[in-house]
Each structure stands twice: as structure tokens, then as C-alpha cells.
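Notes to accompany the following structure.
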Amino acid sequence: MSAWSKPYIKAVASKGYLKGYLDKSFRPQKPITRAEAVVVLDQAVGQLIHQPGTYEPKNTVGGNLTINSGGVTLKNAVIKGDLILAAGIGEGEVLLDHVTVEGRTIVNGGGENSIVIQDSTMNQVMVQKDLGRVRIFTKGDTSISNTVIKSGAKLEEEQGNEAFKSVSVESTSVNDLVQFEGTFVKVAVKSTVTLEISEQSTIALLETYTGSEGSAIKLLDKAVLKEIILQAAAKITGEGTILKAEINAEGVSFEQLVKEYILSATVKVVVIGGKEVGSSNPVPTVPSPGAGINSPGPVSPAPASPAPVPPVVNPGIPVSPGQPPVEQPAPEPGKVLDIRAAFIVQDKLYTLFPTIDDYSAVKWNVANSVTQETRTRPNTQKRYKTLESTAFQAERFLRRRMTLPIRTRLSIIRGLCYPALRLTTACMLKIIIAAAK
């Protein structure tokens, strides 16, 4: 048995789809017969519903049950295995009424007004539709312990219903839109995605993890995010309210103000309310309800967000007793941008950013490792897309400009011009790019 196949075989065997032969052997090199293939498929699919109608099983379904057609209502069913809502449903609708699923509920089909779950209990719901989005609407006494989102989806709860106990967003892309409408306890974002929290909806805790860099989170009017923990760069926009934010990664921006925020020691700069702030220059938080008009509101008491530093007085200028001290302008905090690659061609610096945006205002200080001469160069393009095609130009330029060994120059070119090496921003910043004329 090949090593790569062992986890897959173990998975299907644990579900009972493969049972081996009577002598307890598996015989992986033996060609499968037509009869054996039928048995495996039958065990995987279980009971099959492929016509519209209302179905009410008389007995408990011991294995799986598959629905492969729209226009189906399943009532008063207990399923010991998995409930599979297959791709054959298309954009059609399915109603699950008083259904208990002890295994997984796998959603591969359905449209944007499609899957309705009423007075049902689910262990885990997994949404993975290849094309388009699917809407899951819960009502009544429905309860879902765990929901895994792997494609575009809308999770919607009837008013008064709080079905979704825990939601995890995985294996998505920034083009996948996941919408939340209702009251949600916990949402974990583990891959890049676009999230939208609908009007008058609430999420108690939303946490982004490493691997979700570049996610966009939008709070519509009257949406409330009670707490957000950011372990990866993200952009938060909209008119909704954020009560508390714990920021543990660079590259985070909030379009709106945050009532209370905490910066970890590794975070130098974050954008809140359109302004760059850091641990040395916190901004006032959102005023509490009932506070005076001129009240700045409470500032986060966290150690990572201390009170504003007193103004620095120039000791060389005498101050009269009645004259206020002369404030020296505070240095603008440096911001390490998240870049995937950078190189120089002639007098231009090209960088590859993970997201498409206007970076024309970004400037870089470029130091010559030989003469220690420093020059400031503008970022000349919004996002350079043909990085690899110009690697030769960059190498030729470095060959002409730098007195470095050829092995070192080629290492710099490969490291900077090929994001597949997954060179981190910290490693990039350790490489001094020589480009002075």
C-alpha cells in the first residue's frame, strides 16, 4: 500500500465505505470489480432521494442519506450517518423539518434562497459549493454545533433563533463572499475571504488566524462586533460598531473608530478611524453612550495602548512663565508594509503587494551597501503584475550596479523576485538593495 494513500483509505474505512475481504485483507493492487464499485458507491451514497417531493422515513437511517434534487422536503428523520445535499440540487430548494443528523450535513448544492432548516439538530454543517453561493436559513429551535464554510455562503437566522454556535471559514479566497445575518457566538477566519455582517446583526467574537491575510470585513449599519482578535492583516470597513479589538498583526486598518483596543508589543502601527496610530500615540476611542459632546471617551486601559506621551520641549529655547511650551513635531511612525517581492530597475523600485490598492504614495529609503548612500524612491505602480518576466532586468541591473559576488546577487534576485519561496517581510528587510547611481 502506497504511503500517500493510507490516510484516504483510513478515512473511507472508518466511515464503513470499504470493509475489505472476508480474510480481513485489503488487496490494494487488485483491480476493483464492477460489483465491488457498486457496493462502495451504495455505502457512500446511502439512501438516495433524486425526485422532488416530501419524504418522511419510517425508521432511523442507519447510514448516509443523499438528496440530489431540488424541491425536496425531508421531515421527522433521524440520520446516524451523513446527510449529503448534493450538487444535483442545483439552484433548487430543500426544506429540512425536524431532522436530526448525528454525522455531517454536507452542502454541495442549493442557491441563494435555498436550504431551510427548521426545528432540527445538526452536529456539523459543511458548505462547499463549486459554483455560486448557497444560503442556509435556520428557524424555530434549530441548533447547529459547528459550521465549516469552504465557499461563498450566506448564514441567516430567523429573528429569535441562534442556531450557529461556532462558524469556521476555511479554504476560501478573497473573491468568496460570506454573509452573516443574525446573532452568532463565534466566527473563526482561517483563510482569506470577504465577510459581510448584515444590518442589526451581532457577532460576539470574530478571530482571524495566520493564513487569512488580506481578508476584508464589512459591518453594515447597526451591525455590532463585540470583540475581534486579529492574528493576521485585515481591512475592516463599514458603519457598524466595534466594541473591542485585540490587534496582534501588522497591516490592520479600521475605517471606523473602536471603543476599546489593545496593541500587542510587536505591532508598531495600525489605522483606526482613518488615522495611523501606535503604542506611543493612541487615539481617543469612541465616546460611551451618555457622555458629553466634548468628552473624548475612555481610552483603552491596556498596557499596549498607554496614555499619550507629554509634549517634548526643546531645551535650547527659553520658555516664559506664561508661555506654553513649544512642542516638537512627533516623528511619523514607520510602517512595514506587507510585500511579497521587490526589485529595482534603473531608477524605479517595483514591489508586489498581496492586495490590489493604490500604493503610489508609498516611498522607500534604499541604501547602497557599499557607499552607505541613501535615496528615497517613490513606488511607481499600483501593483506590478509581471514580476517574473522582469527578473532578468533586475539581475542585469544589480550586476552592473553592485560590487557583490555573483552568487549573492543571484540569491537576492531569486529571493525577491519569486514569491514561491515564501520569503517573509522580515527577511526581505534584512536584504539591503543597492541602487544608487
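The residues of region 105-141 that are polar (S, T, N, Q) and surrounded by fewer than 24 Cβ atoms within 10 Å (Cβ to Cβ), listed by number, are Asn108, Asn113, Gln118, Thr121, Asn123, Gln124, Gln128. Only one of the numbered conditions (1) surrounded by 23 or more Cβ atoms within 10 Å (Cβ to Cβ); (2) more than 24 Å from Ile67 (Cα to Cα) is not met by Ser171, and that is (1).
Is it true that Gly63 is crowded, with 18+ Cβ neighbours inside 10 Å, in contact (Cβ under 8 Å) with a residue 12 or more places away in the chain and not β-branched (Val, Ile, Thr)? Break it down into steps so the answer makes sense when it comes.
Numbers: crowded, with 18+ Cβ neighbours inside 10 Å: yes; in contact (Cβ under 8 Å) with a residue 12 or more places away in the chain: yes; not β-branched (Val, Ile, Thr): yes.
The answer is yes for Gly63.
Checking each residue in region 61-119 for being touching a Phe, Trp or Tyr at 6+ places or on another chain (Cβ under 9 Å) and charged (D, E, K, R) picks out only Lys75.
I'd like to check which strands (runs of 3 or more DSSP E) are fully inside region 111-217 and have at least 1 residues that are farther than 27 Å from Phe254 by Cβ and hydrophobic (A, V, I, L, M, F, W, C). Even if it seems obvious, please write down each step before you answer.
Details: elements: 115-118, 121-127, 134-139, 143-149, 153-157, 166-169, 177-181, 183-189, 194-197, 202-208.
So the answer is 115-118, 121-127, 134-139, 143-149.
Summed over region 225-235, the residues that are hydrophobic (A, V, I, L, M, F, W, C) and part of a loop (DSSP other than H, G, I, E, B) give a count of 2. Between Glu181, Glu158, Glu162, the distinction of being closer than 26 Å to His98 by Cα, assigned by TED's automatic domain parsing to the domain that holds Ala223, surrounded by fewer than 23 Cβ atoms within 10 Å (Cβ to Cβ) and under 22 Å from the mean Cα position of the chain (by Cα) belongs to Glu181 only.
For region 206-216, how many residues are among the β-branched types (Val, Ile, Thr) and closer than 18 Å to Ser166 by Cα? First the steps, then the outcome.
Looking only at region 206-216, we keep the residues that are among the β-branched types (Val, Ile, Thr), and these are 208, 210.
Still in the list and also closer than 18 Å to Ser166 by Cα: 208.
Qualifying residue count for the region: 1.
Just one of the listed residues (Gly111, Gly140) is of a type outside the set (A, V, I, L, M, F, W, C), closer than 26 Å to Asp176 by Cα and assigned by TED's automatic domain parsing to the domain that holds Thr172, namely Gly111. Of all residues in region 74-97, those that are assigned to a loop (DSSP other than H, G, I, E, B) and either at positive phi or basic (Lys, Arg) (or both) total 2. One residue alone among Ile84, Ile79, Ile106 is in the same structural domain as Leu177 (by TED's automatic domain parsing), among the aliphatic types (A, V, I, L, M), within 24 Å of the chain's Cα centre (by Cα) and over 26 Å from Gln200 (Cβ atoms), and that residue is Ile106.
The values are calculated or read from the model by the stated rules, or taken from the named source; none is laboratory data. The structure presented is a predicted model; accordingly, all values stated were derived computationally and were not measured. So basically every Cβ, Gly included, is an ideal-geometry build from the backbone, and we count neighbours across all protein chains shown.
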